[in-house]
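Have a look at the structure below, then the notes.
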Amino acid sequence: MRQKPHGRLHKEYTMNGIVYTYIRIFFAMLICAAMLLCLCGCALNNDNDGDMIEVPKPTPHPTPTFVPTVEPSPTPEQTAAATPEVTGAIMPGETDNPLSEEKLVALTFDDGPYGEVTNRILDVVEQYAEYGVHVTFFALGSQAEKFPNTVKRAADLGCEVANHTYSHKNLTKISEDERTSQVEDTADIIESITGTRSKLVRPPYGAKNDDVRATGKYPLILWSIDTLDWKTRDTDSTVAEALKAVDGDIVLMHDVRDDTAAAAEQIIPALVEQGYKLVTVSEMFEAKGIALENGKAYRKAR
Ligand code: NI
């Protein structure tokens with residue numbers, strides 16, 4: 001009999017035990033579920049926190065769809081197709097003159113022509129014709145009359161024969177009429193020989209004033225490098241001075257003496273070797289995109 005209650009008690013106790021076990025399991029599952037939810041929630045809400053558990057970053061949905069559409073399109077074909085258009089648009093500068101990208105120097109020879117001296121210089125010009133070598137002669141009308149063949153040869157070689165007045169008068173010290181005849185008579189003589197009217201005037205001694213500018217129907221071309229060849233009469237010195245030229249310089253020499261012709265025989269090859277294009281004064285200003293204005297004085301093209 002004692003067993004019964006004991007047995008019932010035991011039974012009740014056992015029943016309670018099972019119930020408690022289920023309750024424990026239930027709560028344990030609840031806690032597990034809660035922890036799982038918490039973990040997932042934290043991971044999702046803390047993308048930026050470095051101290052969180054490393055969970056593979058949930059890739060936002062738009063990315064996979066955008067990446068393939070945006071990235072492949074500007075790949076090789078498109079950039080290759082776009083490149084020529086862009087460079088083509090940038091490339092053409094202010095001028096399509098092939099000399100515009102070159103280093104240019106204008107060698108000029110005054111007071112001639114003198115047959116032998118001038119022809120020695122023209123021999124070098126002809127020898128370097130394949131490099132497009134041209135020089136400028138500021139000729140005296142009186143000398144051009146004496147050596148028309150030399151003037152013609154210079155023009156035929158692509159050199160510029162320009163105007164240094166008829167008899168080397170200082171234009172600031174003569175009347176307007178005489179100034180006009182000094183310049184225009186010479187222009188007529190050069191034109192009669194070469195078929196081309198000279199477009200430039202170099203006033204003797206570089207002398208100019210407002211009168212010279214005002215009556216001038218031509219640009220006045222001076223120089224940026226004076227070799228002083230007429231003064232030193234020394235070939236080495238003339239060469240050394242001329243080789244100081246840089247892009248845009250106008251070099252002054254005189255085709256009246258052999259020492260200058262000898263200098264030209266060294267200067268022209270040396271400048272060609274240095275990569276300079278030796279051009280006429282008109283060619284240089286044109287290549288540099290500088291429009292020469294009548295009555296204005298120019299010392300260099302830069
Ligand atoms: Ni002169």
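The values are calculated or read from the model by the stated rules, or taken from the named source; none is laboratory data. The shown structure was predicted, so the numbers you read here are calculated from the model rather than taken from an experiment. Methodologically, a virtual Cβ is constructed for each residue, glycine included, from the backbone with ideal geometry; neighbour enumeration extends over all protein chains shown.
Kindly list the number of the only condition in (1) away from the ligand (no atom under 16 Å from the Cβ); (2) in a helix (DSSP H, G or I); (3) modelled with pLDDT under 95; (4) touching a Pro at 6+ places or on another chain (Cβ under 8 Å) that fails for V212.
Single failed check for V212: (1).
How many residues are outside any loop (DSSP other than H, G, I, E, B), under 15 Å from N294 (Cα atoms) and within 15 Å of the ligand (Cβ to nearest atom) when one looks only at the stretch 175-209?
The number of residues fulfilling the criteria is 2.
Taking only the stretch 93-123 into account, find how many residues are crowded, with 22+ Cβ neighbours inside 10 Å and of a type in the set (G, A, S).
Number of matching residues: 2.
Kindly evaluate T260 against the criterion of being surrounded by 15 or more Cβ atoms within 10 Å (Cβ to Cβ) and without any contact (Cβ under 8 Å) to a residue 60 or more places away in the chain.
Judged against the criteria, T260 is not a match.
Identify, by number, the condition in (1) away from the ligand (no atom under 13 Å from the Cβ); (2) over 36 Å from the mean Cα position of the chain (by Cα) that Y114 doesn't meet.
Only one criterion is unmet by Y114, namely (1).
Quick check: is even one residue across the stretch 198-206 closer than 22 Å to R153 by Cβ, under 36 Å from the mean Cα position of the chain (by Cα) and surrounded by fewer than 19 Cβ atoms within 10 Å (Cβ to Cβ)?
Yes - at least one qualifying residue is present in the stretch 198-206.
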